[in-house]
Amino acid sequence: MGSGKQPWTELAAPLGRALAIAGYHLLTGGGQGVMASVSEAFCAVPQRMGRSIGVVPTEAVSHDGERPTFRPLAGYPNPFVEVPIVSPLPRHLPDAPAGTLSRNHINVLSSDVIVALPGNHGTRDEVGLALHYGKPVILFGQREHFADMPASLVRTVSLDTVMDFVRTAR
């Protein structure tokens, strides 16, 4: 989980490679920024066992009174998503009322462990959902990027610490 705009490549690329080498699947929101940079690094690992999965936001499209169909929003999925999950649930909006369902619910509930990189309101929402649903969460990046996150969460700049957390929290 992380920014949909900034790639944070110095964090995302090593994480993507490490997860692929360890044999895990990678689940992201399927967009740009951190989601694309972690997925690109993950997919670049030869003979990996896991797949790059993206939960893709959509827009409803109806054709002459037929049932609505959904198509991915522009920019989704990024080219490194191997398994797109097309969701009719909307992206999380910063002014959405508490409890509003969004694709972030799918991201969190489908994950064994949440690794959060620096991000904005969507990342904060995903971390909040992970805590609500009892999912293990680790924050990967400089402390100042997570100032608004609960103090009880593990924060680290060490990839080794992240990977140890992933292994033990599963």
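The values are calculated or read from the model by the stated rules, or taken from the named source; none is laboratory data. This one's a predicted model, so the numbers in the text were calculated from it and none came from an experiment. Heads up, the Cβs are rebuilt from the backbone with ideal geometry, glycines too, and the neighbour counts pull from every protein chain shown.
Observations on the structure shown:
- In the range 59-77, the residues that are farther than 15 Å from Thr28 by Cα and either in contact with a Phe, Trp or Tyr (Cβ under 9 Å, 6 or more places away or on another chain) or in a strand (DSSP E or B) (or both): Glu59, Ala60, Val61, Thr69, Phe70, Arg71
- Condition broken by Gly141, with the remaining ones in (1) touching a residue at least 40 places away in the same chain (Cβ under 8 Å); (2) out of contact with any Ser or Thr (no Cβ under 9 Å at 6 or more places or on another chain); (3) among the small types (Gly, Ala, Ser) satisfied: (2)
- Residues that are touching a His at 6+ places or on another chain (Cβ under 6 Å) and either more than 15 Å from Ser3 (Cα to Cα) or buried (at least 21 other Cβ atoms within 10 Å of the Cβ) (or both) are absent from the range 86-101.
- Of all residues making up the range 103-151, the number that are surrounded by fewer than 19 Cβ atoms within 10 Å (Cβ to Cβ), within 22 Å of Arg167 (Cβ to Cβ) and either of a type in the set (Ser, Thr, Tyr) or at pLDDT below 95 (or both): 2
- You will find that of Asn104, Asn120, the residue that is polar (S, T, N, Q) and in contact with a helix residue (DSSP H, G or I) (Cβ under 8 Å, 6 or more places away or on another chain) is Asn104 and no other.
- Members of the range 152-170 found to be small (Gly, Ala, Ser) and either exposed (fewer than 13 other Cβ atoms within 10 Å of the Cβ) or in a strand (DSSP E or B) (or both), listed by number: Ser152, Ser158
To keep it simple, each residue is scored yes or no on (1) under 11 Å from the mean Cα position of the chain (by Cα); (2) farther than 19 Å from Arg91 by Cβ.
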site: Thr9; (1), (2): no, yes
site: Leu26; (1), (2): yes, yes
site: Ser39; (1), (2): yes, no
site: Ala44; (1), (2): no, yes
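- Residue match in the range 39-52 (condition: touching a residue at least 60 places away in the same chain (Cβ under 8 Å), on the phi < 0 side of the Ramachandran plot and buried (at least 21 other Cβ atoms within 10 Å of the Cβ)): no
- When Pro7 is tested against (1) assigned to a loop (DSSP other than H, G, I, E, B); (2) free of Cβ contacts under 8 Å to residues at least 40 places away in the same chain; (3) touching a Lys or Arg at 6+ places or on another chain (Cβ under 8 Å); (4) surrounded by fewer than 21 Cβ atoms within 10 Å (Cβ to Cβ), only condition (3) is not met.
- Which listed residue is within 20 Å of Leu117 (Cα to Cα), in contact (Cβ under 8 Å) with a residue 12 or more places away in the chain and small (Gly, Ala, Ser), from Gly75, Gly33: Gly33
- Those residues of the range 109-142 which are assigned to a helix (DSSP H, G or I) and under 21 Å from Ala13 (Cβ atoms), in sequence order: Gly122, Thr123, Glu126
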